[in-house]
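To start, the structure under review is shown below, and the notes come after it.
Nothing in this text is a laboratory measurement; each read-out follows from the coordinates by a stated rule. Since the model is a prediction, treat every value here as computed from it, not as a measurement. As a convention, Cβ positions derive from the backbone with ideal geometry for all residues, glycine included, and neighbour counts pool all protein chains shown.
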């Protein structure tokens, strides 16, 4: 397996305006793009860390509290960039790790998928 770097970290917050203020005004992260997805009643704010796109801040109406379910307050997932997603999925499966079907990001047209760490934390692999 050839993990190259962390691609991004996605965080789902329970109060979008409060979290946006914290990440932008308190931590000093630079907003790249903010979008509202009406069909999900959800905001997404892309943020730069040290001049690099690294954080996705999401909001969803009344997210349930949980340690690992994908649409709730807290850390959503950790994402790693890979050059060849099929090779990476094959290697993960060879080690007995269950991997979700490969999907395509509707915004970037890039392929990605998820698996979980031993504690159930969602981890994404994202094709460069």
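Here is how the numbers come out for the structure above:
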| read-out | value |
| --- | --- |
| MRE, 222 nm, helices only [DSSP H, n ≥ 4, -39500 (n - 2.57), over the chain, to nearest 500] | -3500 deg cm²/dmol |
| Folded to 0 to 90 degrees: helix 85-94 orientation relative to the chain principal axis, Cα | 60 degrees |
| Rg and Dmax of the chain, Cα atoms only, in Å | 15.1, 45 |
| Separation in nanometres of the label points that stand 7 Å from Cα toward Cβ, at residue 84 and residue 109 | 2.3 nm |
